[in-house]
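J.: Below you'll find the structure I mean.
The values are calculated or read from the model by the stated rules, or taken from the named source; none is laboratory data. Since this is a predicted model, take the numbers as computed values, not measurements. Cβ coordinates were reconstructed from backbone atoms using ideal geometry, including for glycine residues, and neighbour counts include every protein chain displayed.
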Amino acid sequence: MRRLPSVLIVEDESAIAELISVNLRHSGFRPIWASDGTSAQSEIDAALPDVILLDWMLPGESGLVLAKRWRSHPRSKLVPIIMLTARGDEIDRVAGLDAGADDYIAKPFSTKELVARIRAVLRRRAPEHDMAVVTIGQLSIDASTFRVSYQEQPIKLGPTEYKLLHYLMTHDERVHSRSQLLDQVWGDHVFIEERTVDVHVKRLRESLGEGAAAMLETVRGAGYRLTAKVQATQRSTLPA
C-alpha cells in the first residue's frame, strides 16, 4: 500500500484543525493533530512527519519558539515547516521565515491554497532526501547529477521533461492522468491546459529515442505509465 505523506497540524483551535484535517485526507495526506508544543514534540519524537503546519499563537510556547527549536535540532531540521497565523504584517512574516519556516500563510486561508503550499514545500525538499539513482529496465536517472541514460548512453532532456521523467520513474507501473501529472510536475497552483502534458510527453519520447520511448505508454482514456514490461509490438513509435 502506498504510504501517505504525514502532516503534523500544531493548532490549538479544534475547529480549524478539523477543517484542515478533512481537506488533507481528501487530498491524499495523513493528518496528525497536536494542540500545543508539548504534544507536538511527542509526535515528532515518535515519528518525524513529512510536513509541519505550525500555528504562531499557541498555549505555552509560541510557534516561533518551536520553529526555531525544530529547525536547530539535527533530527528535525529538514522537516518542512509552514507557519499558520492571523498575523499578516510583513514584519511578522519575516520573523516566521527567519525562525526557520519554509512558508507562511495568513488566516483566513483557502484550504486549496494550503494544500498547494504543502505540495510545493514537499517538492522543494524532495531533492535533499532522494539522491539515489533510479533504474527501470535499461533506463536510469540520477537525481544528484541530473543525468539520464539508456543502455549506458547519455540522454539530454529539458528541465520539464526531466521532472516529468523523474516523477514517472519514481512512480513506475502506475497510470497517471494528465491532471495528476500537471499537479505533481507543474504544481496545482499553476493553471495550464492538460494538453500541455501531451506536448511534453511527445518531447520526452523524442529525446529518449525509440528503445526507451517504448517504456512510456499511453493508456487510452486514462493517461500515461512508465513501465519496464514493454511488449515487442510496442517498440514502434507511440502516439502522445
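J.: Go through segment 84-98 and count every residue that is modelled with pLDDT under 80, surrounded by 14 or more Cβ atoms within 10 Å (Cβ to Cβ) and of a type outside the set (D, E, K, R).
T.: 3
J.: Continuing with the same structure: Which of the residues belonging to segment 1-45 are within 19 Å of the chain's Cα centre (by Cα), farther than 15 Å from Val115 by Cβ and modelled with pLDDT of 90 or more?
T.: Correct list: Leu8, Ile32.
J.: Which one is surrounded by the fewest Cβ atoms within 10 Å (Cβ to Cβ), of the residues in segment 103-118 that are in contact with a strand residue (DSSP E or B) (Cβ under 9 Å, 6 or more places away or on another chain) and either in a helix (DSSP H, G or I) or of a type in the set (Asp, Glu) (or both)?
T.: Glu113
J.: Let me ask you something else. Find the residue count for segment 124-141, including only residues that are modelled with pLDDT of 80 or more, surrounded by 15 or more Cβ atoms within 10 Å (Cβ to Cβ) and not in a loop (DSSP other than H, G, I, E, B).
T.: Step one: of segment 124-141, the residues modelled with pLDDT of 80 or more are 133-141.
Going one step further and asking which of them are surrounded by 15 or more Cβ atoms within 10 Å (Cβ to Cβ), we end up with 134, 136-137, 139-141.
Of the ones still in play, those that are also not in a loop (DSSP other than H, G, I, E, B) are 134, 136, 139-141.
The total comes to 5.
Residue-wise test of (1) outside the structural domain of Asp12 (by TED's automatic domain parsing); (2) aliphatic (A, V, I, L, M); (3) within 15 Å of Asp12 (Cα to Cα); (4) buried (at least 19 other Cβ atoms within 10 Å of the Cβ).
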site	(1), (2), (3), (4)
Ser39	no, no, yes, no
Ile44	no, yes, no, yes
Asp55	no, no, yes, yes
Glu61	no, no, yes, no
Leu64	no, yes, yes, yes
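J.: Can you tell me which residues in segment 8-67 are part of a loop (DSSP other than H, G, I, E, B) and charged (D, E, K, R)?
T.: Matches in segment 8-67: Glu11, Asp12, Glu13, Asp36, Asp50, Glu61.
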